[in-house]
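Undergrad: I have a structure I would like to understand better, so I am pasting it below and will then ask my questions one at a time.
Please treat every number below as a calculation from the coordinates, not as lab data. Note that this is a predicted model, so its numbers are computed, not measured. Cβ placement follows ideal geometry from the backbone for every residue including glycine, while neighbour counts extend to all protein chains displayed.
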Amino acid sequence: MIHRFLPRSPGLVFAALMLVAGLVFSEARAQQRNPTVVELFTSQGCSSCPPADAFLGELAERDDLIALSFHIDYWDYIGWKDTFATSDTTARQHAYGRTLSQRYVYTPQMVIGGRSHVVGSQRHAVLAAIDSMGGGGADVHLATSPNGGLRIKIAPGQVSPPADVWLMEYDRRHQVAIRRGENRGRTISYHNVVRGLTKLGRWDGSATELKSDIVASRAGGRDGCVVIVQEANGGPILGAVRLKFGQ
């Protein structure tokens, strides 16, 4: 069953070197090339979602995938306010609903590469959709500096019209004790929970460089971030790269 919803001296020399180091970017490590992005739209108030939440935890262990949880807010009225839901994550799902020609949005929904959607608890269908994905058209690289700077470089490529460049911050894992609603009395684990979405700019196919910072994100306890290059208005994902903080 699925839940349907209708229509963010030597000492002086050393000190000088450290000051300069704060301005130098280094290539972020462990950047998997052309990973497929899997997005689970879920809710703590949805009794159909826990199997999909657990499955996303399994997918999050794969190096060839970037698996993310987006918590929606339209089920908050049925007895439990989702502690991670935001209007931005809900808006992202509705954008997919339009571009994928859905009659309604639902939970648990997995969107694969921004190109197809599957009920998130249907393992075989999800895996088949992942296997069917090809590479994207954007070659994305991240570089970081010791002072918290983040630089995104996108190599020249073909795109029309210009694509959106998103920065998404996430928490690796949470356990939530749910006291009311359809999942009352259950403690559920959530994986790679998106806590902030920021549109950094656009990519028009030319060599592009964008900058941001991860100081506030680290200070806020986030575990990593993902940069996604995606056709406008919730279209197919053209490229993505992840940075796990601490690497």
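Undergrad: Cα centroid distance between region 143-186 and region 110-131, in Å?
TA: One Cα centre to the other: 19 Å.
Undergrad: Go through the cysteines of the chain and tell me which have no other cysteine Cβ under 4.7 Å away.
TA: By the Cβ distance rule, which asks for a partner under 4.7 Å, the isolated cysteines are Cys225.
Undergrad: What percent does the relative contact order of region 161-222 come to when contacts are Cα pairs within less than 8 Å and at least six residues apart?
TA: 41
Undergrad: Right, something else. Is it possible to state the helix-based mean residue ellipticity at 222 nm for the chain, with each DSSP H run of 4+ residues giving -39500 (n - 2.57), the sum divided by total residues, to the nearest 500 deg cm²/dmol? What is it?
TA: For the chain, the value works out to -6000 deg cm²/dmol.
Undergrad: Also: Report the full-extension gain for the segment Ala54 to Asp213: residue separation times 0.36 nm, less the Cα-Cα distance, to one decimal in nm. Mind dumping the intermediate values first?
TA: Numbers: separation 159, 0.36 × 159 = 57.24 nm, distance 3.11 nm.
This chain segment gains 54.1 nm when fully extended.
Undergrad: Here's another thing I want to ask about it. Give the separation of the Cα centroids, region 189-220 to region 63-98, in Å.
TA: Here the answer is 17 Å between Cα centres.
Undergrad: Could you grab the Rg to Rh ratio for region 51-139? Cα atoms only, Kirkwood for Rh.
TA: Ratio value, two decimals: 0.97.
Undergrad: Let me ask something else. Which whole-Hz couplings ³J(HN,Hα) result when phi for each residue of region 93-100 is put into the Karplus expression 6.51 cos²θ - 1.76 cosθ + 1.60, θ = phi - 60°, listed in order with x for Gly and Pro?
TA: 5, 5, 4, 5, x, 6, 6, 9
Undergrad: I'm spelling it out carefully: the read-out is Cα extents along the principal axes in Å, the candidates are [x] 60, 41, 37; [y] 69, 42, 28; [z] 63, 56, 39, and one was derived from this structure. Which label?
TA: [y]
Undergrad: Assign unit charges at the C-beta atoms only (+1 for Lys and Arg, -1 for Asp and Glu), then state the dipole size of region 115-221 relative to its Cα centre in Debye, rounded to the nearest 20.
TA: The dipole magnitude comes to about 600 debye.
Undergrad: Student exercise: in the chain, how many lysine pairs 8 or more apart or on different chains have Cα atoms under 25 Å apart?
TA: 6
Undergrad: Moving on. Using θ = phi - 60° and the Karplus relation 6.51 cos²θ - 1.76 cosθ + 1.60, list the HN-Hα couplings for region 58-66 in order, rounded to whole Hz, with x at every Gly or Pro.
TA: Per-residue couplings from phi come out as 5, 5, 5, 7, 7, 6, 8, 10, 10 Hz.
Undergrad: Give me the dipole magnitude in Debye, nearest 20, for the chain about the Cα centre, with unit charges on the beta carbon: positive for Lys and Arg, negative for Asp and Glu. Walk me through the intermediate numbers first.
TA: Details: 27 positive and 22 negative charges, 91 e Å.
About 440 debye.
Undergrad: Another question, then. Could I have the simple spin-label model distance between Ser101 and Asp131, label points 7 Å from Cα toward Cβ, reported in nm to one decimal?
TA: Going from the Ser101 label point to the Asp131 one covers 2.6 nm.
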